[in-house]
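Asker: Structure incoming, see below.
None of the figures in this text is laboratory data; all of them are computed from the coordinates on show. These numbers were taken from a predicted model, which means no experiment stands behind them. Note that we place each Cβ from the backbone using ideal geometry, even for glycine, and neighbour counts take in every protein chain shown.
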Amino acid sequence: MNEIWAGMLAAFRLIVTLDADLVEITLRSLQVSLSALVIACVIALPLGTWLAIRRFRFRRATIATLNALMGLPPVVVGLIVYLLLSRSGPFGVLGLLFTPTAMIIAQVIIITPLIASLTHQAMRELWAEYHDLLISLNTTSRQRIATLIWDGRRALLTGALAGFGRAIGEVGAIMIVGGNIDHATRVLTTAIALETGKGDFALALGLGFVLIALALLVNFAIHTLSRTEQEGTW
Amino acid sequence: MIRLLVFVLSLFSTMAAAETMKLAVTTSFHNSGLSDVLLPVILEDTGLEVQLLVVGTGQALRLGEAGDVDAILVHSRAAEEAFVAKGFAPYRREIMYNDFVFIGPQSDAAKIASAGDAADALTRIAETEAPFVSRGDESGTHKKELSLWSAAQLDPAQFGSWYKAVGAGMGASLNTASGLDAYILADRASWLNFANKGTLALLFSGDPALFNQYAYLPIDPARHPHVKAEAQRTLEDWLTSPKAEALINGYRIEGTSLFVFNAEG
C-alpha cells in the first residue's frame, strides 16, 4: 500500500511542479498516439464502412481476419516494423528507425484493425436502416460511405477512442521501434517500463497515474468538443 | 501556458541545433547513472548530443551489425572480438571497468559470504540448490555468469527449477530476485542504484574474475556508409580524454567509487 501512496504523491509532485521532463514525454506521448489515431481513422473508417455496404466474394473471410487482427500482439508488430525500418531492412534508407515516425507507423498498424472492426459493427446496423433510402436515391458508393460515417459519428467516436486507448497505453511495439531514447523517443509507457526496471516504483506509478489522467482528459475533451451526452442530444 | 509554449519551442530549437549520434549501451551502464553525468558534459564540450539506446549486449551487437546505431559501448570481450573479426567495427577500445558482485538474501543459506572465490561461491549455491536468478538474455552480465559457471565446472542446462533464467534486463532481474529472495549476479553500479532491495544484500565481491571491462566499438563506415564517422571520433576522443578520466574515476554512489578509467591514450 505504501508504494501506491508514494506513487500518488510522486504523480502529484510531478504535475504541480510542471516537471520539464514530464511535460516533454507527455507531449510526445500525445503527439505519437494522436497522429497514429488520425492516420488510422483515415484508413479504418472508410474501410469499415465499405465492408458494411459492399458484398463481395471473400467478405466473410476479410471480416473474420479483421476481427482477429484486433488482437495483434504489439511486440510482434514492433519486431516486424523494426526489421522493415532497420538499416539492413527494405526501408532502411529512409532512416526512420528510432524516431517518433517509426512509433507512429507501428501504432497505426496496431489500432487500424481495431477501429475498422468496430466501425464495421456499427455501420452494419446503420446500413440496414439506410439501405432502402440510399439505394432509392441512386447514390454512389462514395456518397453512401460519407453519409453513413456522418450519421454514425457517435458510434465511430467510441471506436476511435478505443483505438486511442490502445495506442496511448501500448509499450511493446514502441519500445522496440522507438528505442526509448531520452529527449527523442521516450514516452510515458516506455518511461514507466524504465523506472520499473530501476526499481523506482514510486516514480513509475506516478507516471502511470499521469498516463491514466491523460487518457481521461483526452476522452472528456473529445466528448465536449463533439457535444455528445448533452441534454437534448443524447 | 506561455511557459509551456516557450519550453516546447526551446525543445525543437535545441533538437535542430545539436549534432546527434546514436550509441547503444548496456542496461548496466545506464542504470549506474554514469551516463547522466557524462552526457551533458559531452554536449557542452563537443556540441554532440549522444542518444542512448539502452539494451542488453546481445541486442546492442545486433543493432551495430544492422548499422542502426553509430557506435556501441558494451562489456563482453569475446562477443566484441567476434564482432570486430566479422568486420562490423574496425577495432575495440577499452574505456573503463567496474566489477560484478553476488547479491543474495541476508540469511545467506548457501554461505557464499565466506567463499574463497567466485567459482566457490557458485558451487556453494548449486550444492544447496538455493534459488538463483539468471539474466538469461545473452547480455554481457549473462555471458559473464555463464563463464563463471563453467569455471566452477557446472552446467546451468542441467540445473533444476532453483535456477531461474528470467530473460530480462538488470533492473527487472533484480526485482525478480528481490521478490523470490534469490541469489543473483549483478554489476555493482546497478546494485547500488537499485531502489527495491528488500531483504537482499551484497554478499560476495572482489575476485578479479569478476572485473567487467567496458569497450567502445565504432561501427565501420565502410560497411554502413550512413554512420556518422566524425561524431564517432569526437565521442571516442572525449571518452579517452583526461576530463572523462576525472569524471569516471570521480563518480561515486553512497561513497563507493564504481568505475576505473583504463583507456590508453
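Asker: Per-residue Cβ counts within 10 Å, from other chains only, averaged over A:198-207: what number is that?
Answerer: 4
Asker: Where the only charges are on Cβ atoms (+1 Lys, Arg; -1 Asp, Glu), what is the dipole of chain A about its Cα centre, to the nearest 20 debye?
Answerer: 1040 debye
Asker: Hey, how many Å between the Cα centroid of segment A:166-217 and the Cα centroid of segment A:15-38?
Answerer: First find each Cα centre; the distance between them is then 10 Å.
Asker: Sequence-distant or interchain residues sharing an amide H contact under 5 Å with residue B:134, placed H: which?
Answerer: B:164, B:165, B:166
Asker: Give the long-range amide H neighbours of residue B:201: residues separated by 5 or more places, or on another chain, with amide H under 5 Å away, using H modelled in the peptide plane at 1.01 Å from N.
Answerer: The list, which skips near neighbours in sequence, is B:104, B:106.
Asker: Taking beta carbons within 10 Å but only from partner chains, what does the mean come to for residues A:177-184?
Answerer: Mean shielding count: 6.
Asker: Right, here's the next one. Where a Cα-Cα gap under 18 Å defines reach, which aspartates and glutamates qualify for residue B:111, not counting those fewer than 8 residues away within the same chain?
Answerer: By straight Cα distance, residue B:111 reaches B:120, B:127, B:129, B:181, B:207.
Asker: Where is the GNM fluctuation largest for chain A (alpha-carbon springs, 10 angstrom cutoff): A:217, A:157, A:37?
Answerer: A:217
Asker: Can you compute the helix-only [θ] at 222 nm over chain A? Use -39500 (n - 2.57) per DSSP H run of at least 4 residues, normalise by all residues, nearest 500 deg cm²/dmol.
Answerer: -25500 deg cm²/dmol
Asker: Rounded to the nearest Å, what's the spacing between the alpha carbon centres of segment B:67-106 and segment A:79-109? Just the number, please.
Answerer: About 26 Å separates the Cα centre of segment B:67-106 from the one of segment A:79-109.
Asker: Within 10 Å of each residue's Cβ, count the other Cβ atoms and sort B:173, A:35, B:161 from fewest upward.
Answerer: Least crowded to most crowded, the residues run B:161, A:35, B:173.
Asker: Viscosity 1.306 mPa s, temperature 10 °C: Stokes-Einstein D of the protein assembly as shown from its Kirkwood Cα radius, in µm² per second?
Answerer: 63 µm²/s
Asker: Please give the helix A:100-136 orientation as an angle from the longest Cα principal axis of chain A, in degrees from 0 to 90, rounded to the nearest 10.
Answerer: Roughly 20 degrees, rounded to the nearest 10.
Asker: Right, here's the next one. How big is the Cα convex hull of segment B:159-265 in projection, averaged over all directions, in nm²?
Answerer: The orientation-averaged projected area of the Cα hull of segment B:159-265 comes to 10.2 nm².
Asker: With a/c under 1.5 counting as rounded, go ahead and sort segment A:82-149 into rounded, prolate or oblate using the C-alpha gyration tensor (a ≥ b ≥ c being the square roots of the eigenvalues; past the cut-off, prolate if a/b is larger than b/c, else oblate).
Answerer: prolate
Asker: Just to check I understand the Karplus step: with θ = phi - 60° and J = 6.51 cos²θ - 1.76 cosθ + 1.60, what whole-Hz values come out for segment B:240-255, glycine and proline as x?
Answerer: Ordered by residue, 3J(HN,Hα) equals 9, 7, x, 5, 4, 4, 5, 5, 5, 5, x, 6, 10, 10, 6, x Hz.
Asker: Take chain A, drop everything but the C-alpha atoms, weight them equally and run the Debye formula without solvent; then report log10 I(q)/I(0) at 0.14 Å⁻¹ to two decimals.
Answerer: At q = 0.14 Å⁻¹ the computed log10 ratios are -0.96.
Asker: Which residue, A:113, A:73, A:90, has the most motion in a Gaussian network model of chain A that connects Cα atoms within less than 10 Å?
Answerer: A:90
Asker: Sequence gap at least 6, Cα distance under 8 Å: using those rules, report the relative contact order of chain A to the nearest whole percent.
Answerer: 32 percent.
Asker: If you don't mind, there's one more thing I want to ask. Name the lysines eligible as straight-distance cross-link partners of residue B:22: C-alpha to C-alpha under 19 Å, and not fewer than 8 places from it in the same chain.
Answerer: By straight Cα distance, residue B:22 reaches B:228.
Asker: Still on this model: How would you rank A:55, B:77, going from fewest to most other Cβ atoms within 10 Å of each one's own Cβ?
Answerer: A:55, B:77
Asker: For segment A:96-234, what is Rg from Cα atoms divided by 2.2 N^0.38 Å, rounded to two decimals?
Answerer: That works out to 1.37 for segment A:96-234.
Asker: Here is a further query. For chain A, modelled as a Gaussian network with Cα springs under 10 Å, which listed residue fluctuates most, A:152, A:71, A:206?
Answerer: A:71
Asker: Going by the alpha-carbon gyration tensor, a ≥ b ≥ c the square roots of its eigenvalues, is segment A:4-58 rounded (a/c under 1.5) or, if a/c is not under 1.5, prolate (a/b greater than b/c) versus oblate?
Answerer: Here segment A:4-58 falls in the prolate category.
Asker: Once you order the gyration tensor axes a ≥ b ≥ c over the Cα atoms, which shape class does segment B:99-210 get: rounded for a/c under 1.5, otherwise prolate or oblate by comparing a/b with b/c?
Answerer: rounded
Asker: Over segment B:76-150, calculate the relative contact order: mean separation of alpha carbon pairs under 8 Å at least 6 apart, over the residue count, as a percent.
Answerer: The normalised contact order for segment B:76-150 reaches 26 percent.
Asker: Let me know the mean shielding of B:48-56 by other chains, meaning the per-residue number of their Cβ atoms within 10 Å of its Cβ.
Answerer: Other-chain Cβ atoms within 10 Å of each residue's Cβ, averaged: 4.
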